[in-house]
Structure formats: C-alpha cells, structure tokens
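Note sheet for the following structure.
The values are calculated or read from the model by the stated rules, or taken from the named source; none is laboratory data. On a predicted model such as this, the values are computed, not experimentally measured, just so you know. Because the Cβ atoms are built from the backbone with ideal geometry, glycine has one as well, and the counts that use them run over all protein chains shown. Just the protein is used for accessible areas: all its heavy atoms, side chains included, with ligands, DNA and RNA removed. Shrake-Rupley method; radii C 1.70, N 1.55, O 1.52, S 1.80 Å.
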Amino acid sequence: MNPTFINSDDICHDFSIAMSEMYQKEVPLYGDLIDLVSEVNTDVLNKQPDIRQQLDHTGEIDRLGMERHGAIRLGTAAELSMMRRLFAVMGMYPVGYYDLAPAGVPVHSTAFRAIDTQSLNKSPFRVFTSLLRLDLIDDEALKQEAIGALDKRTIFTDNVVNLIKRFEEQGGLTAEDAKQFIKEALETFRWHDKTPVSKALYQQLLSQHGLIADVVGFKGPHINHLTPRTLDIDAVQAGMRAKGIPPKAIIEGPPRRRCPILLRQTSFKALEEAVSFKNPNGGYETGHHTARFGEIEQRGVALTPKGRALYDQLLSQARHQLGVTPNADNASEYYQVLESAFAAFPDDYQTLHDEDLAYFYYQAVGSDADIVVADIEQTLDSLEVESINDSISKQVVTDLLEQGMIRLEPIVYEDFLPVSAAGIFQSNLHDDSTNDSANGNENGGKQSKGEVHTNKEAFEHALGAQVYDELELYQTLQAQSLKACLANLNSKALNGVI
Ligand code: OOG
Ligand code: NI
C-alpha cells in the first residue's frame, strides 16, 4: 500500500467519532445515555477486577469506551451496493444475514463491521443495515409510488462517490481525502426534517408499515440509533428510569448470567419529531414522525453452532411457556421463565469450552494481548490454520489448560440476533403488538430450507457481494489463537523460559 494512504481502521475510527458527535447533537438523550453507560462501566471495572483482567487479555478494554453500533434502513439495491462500497473504505464488511420478515418486519439485513481482532479493537463500529422488502407491500399502486419516490432520491453526495471510486482505484486514500470522505459520508446519515413526499403519501406508507414510511418518506437513511456497550445492562436499565429516560419494557436476549453469552439489548423509545411534508402545490405541511431512539447492549461470548442451537431452543421454550409476547405487564414473569429455561445452559467458561458451546482465545499464561496479537500475525504468515489436527490439539489443549500453561478468554460476540432485532424494531415503531416472535425462536429470523437461499441470495444480489459467515470468522479466530499460543509456548521452551 502507498505509504501516504491512511489505514482504513483509522478512517473508521474517526468516522465513528464524527457520527457519534453528530447524533449527540441531533438526539441529546443519546448523550445522557453515553454518560450513564460510562459511569456504570467504570463502576463495574473498579468493583470486578476479574472482568477488567479479562477485557485486558482480549484487548477489549481500550475499545470499550468508544464501542458503538448504529442502524440504517435502505430502500433500493443500488443504495445497498453503494453503501457496501462506502463501508469498505473504512474496512467494514458485510457479516451475517438476518431475515426479519418472519417476525413481521419487512426488511432483511446484514451488519457492516471489521472482521479481524486487531481492526475490531481499533475501530469497534458496526452498522446494522437493512434493505426494505418492497415486494411485501400488497397494495400494487402504493408499491409503484414507493418505487417511484425511491428512484427519485440520491442518498450519496457526488463527492463521496468520487472518493469511493478513488479508494477502489488507488487501494487507499490520502489523509486529505480521508478527511473529506468522512465529512461527505456523514451527509448520508444525517437527519432531514423536510420530506420529499407529501403528507398524504407518507400516511399511506405509514398505514402499510412504519418502516416503509421511515425509508420511503425521507431524503436519506438517517442513522436511527447509536448503541454504546455496557458491562452491566441491568444497572443501565435501572439507571435510565432514574434519569427519566423511559426504557423499553424488556431486555432482549439471554437472561443475566455469570458468564454472559451473545447479546442483551434494551432501548429507549423513539422520539416524536416535528417534520415538514412537501406540499405538492408548493410549501410545506407540518406533521411528525417517530424513528430515532437510543439503545444499549451488553455483549458476551460468541456461541458455536451447538451453543447457538441450545440458545435458540431455550429462548423458544421460554417464549412458548410465556405464551404471549413479553411486555411491560409480564416482564418479571418473563425473566423468571427465561432464567429457569436457561438453567440448562452451562454458566462457567470452562464448561462452555469443554462442551464446545462457545468460542475462546487460547493464550499462553504470562502473555498479554499485545504479544498475542503480534504472535497471531507472525504465526499466520508461516503456518496454515487448517493444518492443526483436531484430535491432537484437543488433547494438547486439555493438558495445557490443566497444567495452567494456557488460559481461555471468551471471544466476544460481534454480531446481532434476529428475534432481538425484531423486538428493537417493533419497540421503536410503537408497535409491540405485531411481534409474533413469541412463537418463534432466534431461528424465526431464518427460514425453512429453500426459502433461506432465495431470500439470502436476493439480498446478496442487491448487495453485490456475499456476506461473511460470522461463525467461520469466530472459528478462525479461535484456531489462529491456538496456533499462536502453541508457537508462543514453543518459543519459550526453546529459549529455556519454561
Ligand atoms: C435496526 C434494529 C436492529 C439491533 O441492535 O438489533 C438493531 C433498526 O431499527 O433499524 O439495531
Ligand atoms: Ni441496534
């Protein structure tokens, strides 16, 4: 790479700061939430040295304060594929496929994010990106109007498109171009209170689905939330109430545990915002729209396919047992049911590892995260990850763990959960009623074989690329860390340290 080019992770880092500043100005409650989260995180780190140490070992400690995810909703394939090219400038790639249609939300989605540990630790920014399923609008005339409105809008500035092309041609951007890129890219995510559509069309779209109005009725894909990561979501949920920020009734995802798994999320309700609808006869007509909200998340260890299947099964079991969609009235009953269902999910890292339920980094005891990352890089150059023989390495690992030569550290889940996402979508649309995920499980977001392929393929076709398989990414991280750790021990042994 040309040495004058800026590293994509640095562009991403600066972009996420710029985005957070913009959103804080647009939605001041988001700023209050950030303060609350940072108070709670400081408290957890002070009171629970084991958590601090774990985050230190995985390299997450430095990223925690700036970790965010956001969400946008797009209207057309062309918007989605240009968005993919825009995120690629920042080293963010589409990971995972989420079909929300089975849960009554007419979108399918991916998450753009960095894919290797080093980049994630430097720029832990993800954007949950949805594409509207216009094919699900049953009113043909309205569908044509929506298509027409989307065709008319341009969500990227000419300058950002030129800079994306320059990045693709040159393989990087200079500092000056990168600065310009951030400024121009931000424009796409900005809130516009003047709509390009009439109030009448907006209302027709709204009566079809709130999401359709939110996408088709506006100039661009305003960022609809930015989510900081907390180490104790229950404390933040309680703190939100105390600070007068009204949280959503239910924390989505698994119950509170000693060893957190996957992802727990909660949000505060969308704001009702004044908008001016374009009058076909000139001028504007006033009205309002609810779209933007705040959210917090607590992340835990990534699960293997076996662990994920158990999670899906237990979540579904709990929801079936409750019989209705969890809501404000049955929240404490739901948490009880959820906790008793999840008693079947081991709650210590050693068992999660031994039963192949979750992904872990293997680290030579005495090394810190920096050494481990450097080792991973070195070893990867010289070794093939696949060449480790599974059965040999398992025995070696068990022995080394028992001898205390290596330790396990949880690989954090970097992705999303379709049932939780559906709950978040619905809560901020003021529409808790349509969530039929009470009868589903996290696989409710996926579909029966055959259909999975058509929807996912249609999404990838619109995207112009295939999405990364998140499970493969975790598997590779685990395998790489094992390689690096064994090499580390080897070199220590050769040098007579052990
Ligand atoms: C996205 C909702 C999903 C999450 O964290 O699961 C989401 C949206 O409302 O556009 O952000
Ligand atoms: Ni979110």
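For the stretch 152-193, the pair-distance distribution built from all alpha carbon pairs, in bins 10 Å wide starting at 0, is 29, 51, 17, 3 percent. Here, the stretch 240-292 yields an orientationally averaged convex hull projection of 5.9 nm² when only Cα atoms define the hull.
Here the label points at Asp399 and Asp348, each 7 Å from Cα along the C-beta direction, are separated by 2.4 nm in the simple model.
In this structure the stretch 27-131 gives 29 Å² per residue of accessible area when probed at 1.4 Å with all protein chains present.
Hey, could you grab the Kirkwood Rh for the stretch 288-338? Inverse mean 1/r over distinct alpha carbon pairs, Å, one decimal.
In the stretch 288-338 this quantity evaluates to 13.5 Å.
Expressed per residue, the C-alpha convex hull volume of the stretch 62-158 stands at 112 Å³.
Cross-link partners among lysines for Lys183, C-alpha distance below 25 Å, same-chain residues fewer than 8 apart left out? Correct list for Lys183: Lys25, Lys122, Lys152, Lys165, Lys194, Lys219.
So for each of 203-210, 481-488, 239-246 I average, over its residues, the number of other beta carbons within 10 Å; can you give me the resulting order with the highest mean first? Please report the intermediate quantities before stating the final value.
Values: 203-210: 18.9, 481-488: 22.6, 239-246: 13.8.
Averaged packing, sorted descending, gives the order 481-488, 203-210, 239-246.
For a straight C-alpha distance cut-off of 23 angstrom, the lysines reachable from Lys456 (same-chain residues fewer than eight places away being disregarded) are Lys143, Lys306, Lys446.
With a 1.4 Å probe and every protein chain kept in, tell me what percent of the accessible surface of the stretch 1-66 is carbon plus sulfur.
Looking at the stretch 1-66 in its full context, I get 49 percent from C and S.
Compared with the dominant Cα axis of the chain, that is its longest principal axis, helix 8-26 is turned about 50°. Heavy atoms only, probe 1.4 Å: what % of the accessible area of the stretch 156-245 goes to carbon and sulfur, would you let me know? About 48 percent, which is the carbon plus sulfur part of the accessible surface. Taking every Cα-Cα distance in the chain and sorting them into 20 Å bins from zero, the calculated P(r) comes out as 22, 56, 20, 1, 0 percent.
Placing a pseudo-label 7 Å from each Cα along the Cα-to-Cβ vector at Gln170 and Gln313 gives an inter-label distance of 5.4 nm. Note on Asp151 and Arg258: their simple-model spin labels are 6.2 nm apart, each label 7 Å out from Cα toward Cβ.
Rounded to the nearest 0.05, the FRET efficiency derived from the C-beta distance between Asn159 and His192 at R0 = 25 Å is 0.90.
Normalised by 2.2 N^0.38 Å, where N is the number of residues, the alpha-carbon radius of gyration of the stretch 144-235 equals 1.43. Accessible area ranking (1.4 Å probe, heavy atoms, ligands and nucleic acids excluded), largest first, for Ser276, Ser130, Ser38: Ser38, Ser276, Ser130. Average accessible surface for the stretch 279-319: 35 Å² per residue, computed with a 1.4 Å probe over protein heavy atoms with every protein chain in place.
Roughly what angle does helix 233-242 make with the longest principal axis of the chain, taking Cα atoms, 0 to 90 degrees, to the nearest 10? In the chain, helix 233-242 runs at an angle near 40 degrees to the longest axis.
How tilted is helix 49-58 with respect to the longest principal axis of the chain? Cα atoms for both, answer in degrees (0 to 90, nearest 10). Tilt relative to the chain: about 90 degrees. Estimated purely from DSSP H runs of n ≥ 4, each contributing -39500 (n - 2.57), the mean residue ellipticity at 222 nm for the chain is -15500 deg cm²/dmol once divided by its residues. One chain, two ends: Ser38 and Leu494. Fully extended at 0.36 nm per residue, the span grows by 159.7 nm beyond their Cα-Cα distance.
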